[in-house]
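The values are calculated or read from the model by the stated rules, or taken from the named source; none is laboratory data. Please read these numbers as outputs of a predicted model, since none were measured by experiment. Positions of Cβ are generated from backbone atoms using ideal geometry, with glycine treated the same way; all protein chains shown enter the neighbour counts.
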């Protein structure tokens, strides 16, 4: 089996953004500049300018999402061209799933950038600022079914099943506070998240039809889809364009089944690399006893991939 066949790439989502992300790749490699230009043209906004120096817009969901996507694909294209990085399997967390779909060839970058800008705008508009909230629940041995039972009767949903020690809940601000009171104790850490809306909750359902309309016009390559894990189903996408679109629409209000995604990847890949402006996913994999290599900047990329090449050659 080749190194590529044993390799999986994972992409973080919203929350990993930072001013200056992928700027070192942009500065050094034409393919990275071309990726930002391609995504910017599709969105009608200069994503590089936002990503490299406009912190206010970078943290607005409508712009965060295409900026993170452009940064991740700019990094990936440079890694592929300059360092020969290839992989067989792909996954991404929430917004990061679009990076995975582009990396696998299921969506083209421009198409995906247009979609995630629309996605971000719709998600932001779904709930007025201040009326929604999200809360990270952190403790060893968290059980998703048990936690959901504790949320019964509240307008709160399990947004992200990130690991056996972290579940994020999302819903109305008032009921998230009630959930915090219910979930207190048992050694749990409860951390409010600095977000502008209750993502991946029932409050996002109202925007799904509008996003479905935008997605209907997108070209989807179903042949490559089974190489990408679906947040919505927890398994790999099936080779059906309609099913891929449906899963992406339902992902907006559904639970991000990241634990299932990780398990599916680990069954197939012996090497996993996280590519993006931050590296939050490695900690989730550690709960499974799996080490993930993080590539967040050019220096890290050169070091890690050069080390892998030396190991491959036995030097």
Identity of the residue in the range 46-70, in contact (Cβ under 8 Å) with a residue 60 or more places away in the chain and within 11 Å of residue 113 (Cβ to Cβ), that ends up surrounded by the most Cβ atoms within 10 Å (Cβ to Cβ): 68
Would you pick out the residues in the range 109-130 that are in contact (Cβ under 8 Å) with a residue 60 or more places away in the chain and part of a loop (DSSP other than H, G, I, E, B)? 127, 129
Checking the structure you have, find out if any residue of the range 180-196 is crowded, with 19+ Cβ neighbours inside 10 Å and either without any contact (Cβ under 8 Å) to a residue 24 or more places away in the chain or under 21 Å from residue 9 (Cα atoms) (or both). no
Among 77, 117, the single one that is more than 23 Å from residue 294 (Cβ to Cβ) and buried (at least 20 other Cβ atoms within 10 Å of the Cβ) is 117
All-but-one check, residue 106 against (1) outside any loop (DSSP other than H, G, I, E, B); (2) surrounded by 20 or more Cβ atoms within 10 Å (Cβ to Cβ), failing number (1)
Going through 254, 276, 282 one at a time, which residue ends up being buried (at least 16 other Cβ atoms within 10 Å of the Cβ), out of contact with any strand residue (DSSP E or B) (no Cβ under 8 Å at 6 or more places or on another chain) and modelled with pLDDT of 95 or more? 254
